[in-house]
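Step one of this worksheet: look at the structure below.
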Amino acid sequence: MSNNFGGVHMLPAGKSLRTLREKLGLTMRDVELSSARIAEKYRNEEFSVPPSRLSDIETKGILPSIYRLYTLSVIYRRDLRELLSWYGVDMNNMAADLGLVAPPKSHVSSALSGLSSVQVPLRMDPGFDEKRTTNLGRMVEQWGLVPFAYLAQFANSDFTYGYVGNQDYTMHPILPPGSFIQVDEARNKVSEGMWRSEYERPIYFVETRDGHVCCWCSMRKEDLILQPHPLSPVPVRVLRHPQEAEVIGQVVGVAMKLTEWRELESSSSPHSSSHSSSNSSPGSKGQAALH
């Protein structure tokens with residue numbers, strides 16, 4: 001594993017840590033004394049780094065514990081995420097790796113909050129027309145890593161990001177399992193009215209005692225009615241508001257895959273025919289991308 005520190009090409013993580021220590025003018029004894037103060041503060045000897053252990057880390061490829069790696073990041077004035085990357089754990093890979101797992105229940109996701117940079121399009125093809133449906137990947141001329149600090153101007157604390165569990169068919173088929181959603185917390189009041197189509201009716205992200213769910217909502221005095229899609233096998237629920245259910249906000253953005261449809265369990269047979277027919281209408285699914 002090679003790294004780059006201060007423009008100098010380096011080899012394994014242990015050697016990188018040694019180079020960093022020597023560049024700061026620290027001896028192994030200095031590291032030991034500093035780590036002892038950190039261990040004393042947290043009343044945990046796991047934070048201490050004796051010279052013998054530091055030598056093993058630097059020269060023998062011994063893997064430091066999470067406590068000692070934190071201590072070294074503090075002493076060496078380096079971001080812990082950078083030290084983790086030296087050992088092959090790149091926090092910026094989380095966005096891509098999230099697709100490798102599929103939790104069964106819907107939930108609020110904060111997995112990406114620790115990222116230090118994000119890969120974004122830096123230059124678009126001059127022929128890009130936002131009015132036309134197109135292959136966005138082909139229209140990006142250049143991608144690049146941009147530190148999140150430079151994206152702070154786009155930050156909006158009113159948005160929450162969630163994930164629809166791979167066993168959550170509440171809003172199927174317009175919001176299929178496995179979708180990532182953007183929720184506007186400012187829109188946490190249930191809107192009542194007549195909607196021209198199901199795509200105009202607001203979908204809400206609701207937190208209940210059993211977890212999170214995306215659904216249509218309506219109020220009846222002190223009750224919140226959680227209304228699933230008609231083709232969904234999930235029943236209507238009526239919960240006390242806000243004691244048993246709280247509206248976090250309205251779903252305003254969705255990222256979904258359209259290639260991983262699965263048949264519902266046999267218990268959902270009353271809706272199986274409708275579910276199958278919905279799969280044959282990719283146009284309607286594409287319209288569900290934004291509400």
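Quick check on the exposure proxy: order 71, 27 from fewest to most C-beta atoms within 10 angstrom.
27, 71
For residue 191 and residue 98, what does the FRET efficiency come to when R0 = 30 Å and r is the distance between their Cβ atoms, rounded to the nearest 0.05? Please report the intermediate quantities before stating the final value.
Numbers: r = 31 Å, r/R0 = 1.03.
That gives a FRET efficiency of 0.45.
FRET efficiency for residue 218 and residue 44, Cβ-Cβ distance as r, R0 = 45 Å, nearest 0.05?
0.30
Taking the beta-carbon count within 10 Å as an exposure proxy, list 17, 226, 100 from fewest neighbours to most.
Final ranking by Cβ density, sparse to dense: 100, 226, 17.
Starting with the fewest neighbours, write out 257, 41 ranked by other beta-carbon atoms found within 10 Å of each beta-carbon. Working shown, then result.
Numbers: 257 12, 41 9.
Neighbour counts put them in this order, fewest first: 41, 257.
Count charges around residue 67 for me, please; just the other residues with Cβ under 15 Å from its Cβ, Lys/Arg as +1, Asp/Glu as -1.
Values: positive: 37, 41, 43, 53, 68; negative: 32, 40, 45, 46.
Around residue 67, the surrounding residues sum to +1.
Note down the net charge around residue 245, summing +1 for each Lys or Arg and -1 for each Asp or Glu among other residues with Cβ under 12 Å from its Cβ.
Once positives and negatives cancel, what remains is -3.
Taking amide H positions as placed in the peptide plane 1.01 Å from N, state which residues far from residue 252 in sequence (5 or more) or on other chains have amide H under 5 Å from it.
Counting only residues 5 or more places away or on other chains, the set is 182, 183, 184.
Just to be sure I follow: if Rg is taken over the C-alpha atoms of the range 3-86 and Rh is the Kirkwood radius over the same atoms, what is Rg/Rh?
0.94
Relative contact order of the range 3-86, please, whole-number percent, based on alpha carbon pairs below 8 angstrom and at least 6 residues apart.
30
Read the figures in this text as sums done on the coordinates, not as results from a lab. A quick note: this is a predicted structure, and the numbers were derived from the prediction, not measured. Every residue, glycine as well, gets a Cβ built from its backbone with ideal geometry; the counts of neighbours run over all protein chains shown.
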